Amino acid sequence: MLDIKFIRQHEDLVQQALANRGSSLTLDTLLEKDAERRTLIQKTEDLKARRNQFSQEIARSKGKGDDLEARKAEMRKISEEIKDLDARIREVESAMEAFVLEIPNIPHESVPVGEGSQDNQVVRTWGERPVFDFPPKDHWDVGEALGVLDFKRAAKITGARFTVSWGLGSRLERALINFMLDVHTQEHGYTEVWTPFMTNRDSMTATGQLPKFEEELFRTDDYYLVPTAEVPVTNLYREEVLAEEDLPVKLVCYTPCFRREAGSYGKDTRGLIRQHQFNKVELVRFAHPERSFTDLEELTADAEDILKKLGLHYRVVVLCTGDLGFSSAKTYDLEVWMPAQGVYREISSCSNFVDFQARRGQIRFKSRQGKKAELCHTLNGSGLAVGRTVAAILENYQRQDGSVVVPEALRPYMGVDLIAGVR
């Protein structure tokens, strides 16, 4: 959430940022409400000063035999006016808050201006594309032929865009989760946390999923199923004050993720790329504002390290303003090579939200000098999306006989070198 004072003082900058994002939102209504609020507050303060004056005059006149009824009547009238103004201020502030919650974050100055994904810029690539002496198959064909992926039974049990994994397919999913958690905790210095898989509305609002993405979420009567561990992990410190010396706080968390994928019908509907339920290991950092963009580079490198250890060719792209997520100030996408389709697919998105989420959630830190608490900067990134990693392994490590070689780094977790069937 942006600070209303910042919006007021930098109207042109914010409006240009909205235009660069391709947003049609204008600030006129918000600034009109802001001016109305300040006018109402001034009127209220003036009336309170008059009421205090009357109160003092009445106190001084007591015992002197003066007729105080007129002054008391005037005080009651002023109190009613103040009550009405306070109610109006609350209405205006509520309208302003609802408006501000719809304003996306301001892109960092280093983010390229563009309209959509076609304007994203490749930052670097790693590894080489695998070379096959046979036409590589899509991961769903590889998985179904091996008996490790079962989309038909998942559809029978639940519906489209769900998957059942069997045998070594199930073990591969579990192995990847454990592998990712071990690397991030033992080599990258993250603390593992285990959080609820459902959150309340306040948590979803703090991280920016609400109100913007309500239709993307699955919910029960009172709770929302997490679309990503970003939500519960970031909210661990909602309305808390961290110590400056503890920054950056580095947390890693596994959760299943649940997304409606509303509006994406017809896109990647086959296989594991766009599921309603999938597993993900998430990296979250609470950073000092002065070094949060250094933290973004480090977090991105941590996610990249998983792909390197798995030997998967990938590229890193910086998202342009028109493709940037609602809450993000800057995002790097890691895109893994999928040889059967001949395309790169996003497997991790690493973002710095600066103080956007922290202001919503009142996540602050206290400096060593004991100054007033400041807002933290929050960051997160997939480390990695597990289902998409499974898909990448099935495609990149497939052999002509239909079997799949297990990446060397995963063999201690799998207990086998080759996936040749459901057993």
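A few notes on this one:
- Whole-Hz ³J(HN,Hα) from phi, Karplus 6.51 cos²θ - 1.76 cosθ + 1.60, for region 117-123, glycine and proline x: 4, 5, 9, 5, 10, 6, 8
- Summing charges over all other residues whose Cβ lies under 15 Å from the Cβ of G370, with Lys and Arg as +1 and Asp and Glu as -1, gives +2.
- Under the convention that each Lys and Arg Cβ holds +1 and each Asp and Glu Cβ holds -1, the size of the dipole of the chain around its Cα centre is about 860 debye.
- In this structure, the residue pairs whose Cα-Cα separation is over 20 Å, taken from K212/K366; K137/K280; K48/K72, are K212/K366; K137/K280.
- The listed residues W194, W126, W337, W166 rank as W194, W166, W126, W337 when sorted by accessible area, largest first, using a 1.4 Å probe.
- K366-H10 pseudo-label distance in nm [points 7 Å out on the Cα-to-Cβ vector]: 2.8
- Taken over the C-alpha atoms, region 65-211 has Rg and Dmax values of 30.1, 109 angstrom.
- Binned Cα-Cα distances of region 302-401, short to long, each 10 Å bin given as a whole percent: 14, 35, 25, 16, 7, 2, 0
- With the biggest extent put first, the Cα atoms of region 9-58 measure 60, 15, 9 Å across the principal axes.
- Normalised per residue, the accessible area of the chain is 48 Å², obtained with a 1.4 Å probe and no contribution from ligands, DNA or RNA.
- In terms of its Cα atoms, region 245-364 spans 48, 33, 29 Å along the principal axes, sorted from long to short.
- Taking the 1.4 Å solvent-accessible surface of the chain as the whole, the part contributed by carbon and sulfur is 46%.
- Measuring max minus min along each principal axis, the C-alpha atoms of region 197-236 give extents of 22, 19, 15 Å (largest first).
- Proximal lysines to K371, defined as alpha-carbon separation beneath 29 angstrom and excluding residues fewer than eight positions away on the same chain: K5, K250, K330
- Subtracting the Cα-Cα distance of E216 and T29 from 0.36 nm times their residue separation leaves 64.6 nm of extension gain.
- Rg over Rh for the chain works out to 1.12, using Cα positions for both radii and the Kirkwood form for Rh.
- Summing charges over all other residues whose Cβ lies under 13 Å from the Cβ of E298, with Lys and Arg as +1 and Asp and Glu as -1, gives -3.
- Extreme residue, positive dipole direction of region 212-345, given options F258, G311, Y332 (C-beta unit charges): G311
- Charge tally for A287 (other residues, Cβ to Cβ under 10 Å; Lys, Arg +1; Asp, Glu -1): 0.
- Excluding exposed DSSP-loop GluC sites (Glu not before Pro) (at most 10 other C-beta within 10 Å), longest clean stretch of the chain: 129-289
- Modelled spin labels at A155 and E128, positioned 7 Å past Cα toward Cβ, are 4.0 nm from each other.
The values are calculated or read from the model by the stated rules, or taken from the named source; none is laboratory data. Bear in mind the structure is a predicted one, so any value in this text is a computation, not a measurement. Every residue, glycine among them, receives a Cβ derived from its backbone with ideal geometry; neighbour counts consider all protein chains shown. We work out accessible area using only protein heavy atoms, side chains counted, and drop any ligands, DNA or RNA first. Shrake-Rupley method; radii C 1.70, N 1.55, O 1.52, S 1.80 Å.
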